[in-house]
Structures are given as structure tokens and as C-alpha cells.
Amino acid sequence: TACTSAPVVSEPAPAPTGAVGATLLAPAADTRRMVLAPNRRFLHPNFDGEGALPVYPEEVLARRLPPVTVCVDVVIDAAGQVTAVAPRQDGDCAAASSDDTAAFLDAVRIAVAGWRYAPALLCEAPAGYAGDDACAAEGMVEMPTAVRLSYAFRFSQAAGRPEVEPMGAP
């Protein structure tokens, strides 16, 4: 009798894929802050609907880069529409001028441009209001207002497979 063995078949390496995670950042230290009178209250804009995260850029997948964190400031107008997305560079954020970062920043701009929000509101109660919630006061007026939010997006991959890495808020 003869020995037989099955031929060794090697599986092709999986195509590289990447994962993306996002975190809302605290405003930069030099950001102008809203100062509210006692009869006013600010309501943060709420994300409205399904906003797609950026897609890991295909042109850099094969390079198997270490994780890259891209931070942006997003301007949301009084109607809740994204009107501007600009790079923010601080902390662990990648330099916007880096060649490697350009593809990631483009992916962020494309995704975030499609996001929609219920607008930020400034509630104003009548003068002399002494309660703790101006938005609940009788005769209160809601004024939609534009705001700027900052986000960090972490693009990562491990052995050509997606890896989501949580990012803690500062």
C-alpha cells in the first residue's frame, strides 16, 4: 500500500480592510465660549438620522499604516446642515499637512458633509425668569443657532483586518 497525502493548498491573503471609530472632542482651549444670561439655556445639536462614518481610503490600505487619528472642526448652521469641515491639529491628531493624512482627511470631509443635525437651540425665557430651565419657561422663545463641533476619527487596521480602537474623550 502506498502513502497518500493531500496537497497543501495555501489560502490567498485576505484583501486589506480598515476600520474607523469616531469621538466627539472637547472644544480647543482658545475657542470662544457662549456666556449665557440666567434666563437663557443652550441645547446641543442632536445628530439626526444615519450618518455614515468615513471609509478607510482604498489607496492606502495596502500600505498597512499604523493607526492614524484625524481631527476636524465641523460647522453646523442654524438649520442643522454641515457647512464646513476643517482640520484640527492638537493632542494626538495627525498633522493635516502629512501626505499620509490627506487621504484620511478627504474621507472624513466626504462623510461628514452628509451628516445632518437637529439644530442647536438657544432658549430665552422672558426677562426676570428665575427658574433653572429657560427652555421650560412659559413664553420661552427658541432660537436656532450655528455651532462648531470637533471630532476625532481613528483609522486603523491590523494584519489587513479591521480593528476598532475606542478613543476616550479628553
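General remarks:
- Those residues of region 26-51 which are modelled with pLDDT of 80 or more, open to solvent by less than 80 Å² (accessible area, probe 1.4 Å) and within 20 Å of the chain's Cα centre (by Cα), in sequence order: Leu43, Pro45
- Boolean, Pro14 is in a loop (DSSP other than H, G, I, E, B) and either exposed (fewer than 14 other Cβ atoms within 10 Å of the Cβ) or at pLDDT below 70 (or both): yes
- The selection criterion, being modelled with pLDDT of 85 or more, surrounded by 14 or more Cβ atoms within 10 Å (Cβ to Cβ) and within 24 Å of Ala29 (Cβ to Cβ), does not hold for Arg116.
- Test: Met140 is modelled with pLDDT under 85 and surrounded by 14 or more Cβ atoms within 10 Å (Cβ to Cβ): no
- The residue pairs whose first member lies in region 100-123 and is farther than 16 Å from Val55 by Cβ, whose second member is open to solvent by less than 10 Å² (accessible area, probe 1.4 Å) and in a strand (DSSP E or B), and whose beta carbons are closer than 8 Å, counting only pairs six or more residues apart or on different chains, are Tyr117/Ile76; Pro119/Ile76; Ala120/Ile76.
- Residue within region 77-99 that is of a type in the set (A, V, I, L, M), modelled with pLDDT of 75 or more, farther than 30 Å from Glu124 by Cα and open to solvent by 60 Å² or more (accessible area, probe 1.4 Å) present: no
- Arg148, sole failed condition from (1) open to solvent by 60 Å² or more (accessible area, probe 1.4 Å); (2) modelled with pLDDT under 90; (3) closer than 19 Å to Val108 by Cα; (4) not β-branched (Val, Ile, Thr): (2)
- Long-range neighbours under 9 Å by Cβ, at least six apart or interchain, first residue closer than 24 Å to Ala103 by Cβ within region 40-57, second among the polar types (S, T, N, Q): Tyr56/Thr17; Tyr56/Ser156; Tyr56/Gln157
- Asp106 in contact with a Lys or Arg (Cβ under 7 Å, 6 or more places away or on another chain), modelled with pLDDT of 90 or more and either part of a helix (DSSP H, G or I) or among the acidic types (Asp, Glu) (or both): no
The values are calculated or read from the model by the stated rules, or taken from the named source; none is laboratory data. Predicted model only: the values in this text are computed from it and were never measured. Positions of Cβ are generated from backbone atoms using ideal geometry, with glycine treated the same way; all protein chains shown enter the neighbour counts. SASA here: full protein model, heavy atoms, side chains in, ligands and nucleic acids out. Shrake-Rupley method; radii C 1.70, N 1.55, O 1.52, S 1.80 Å.
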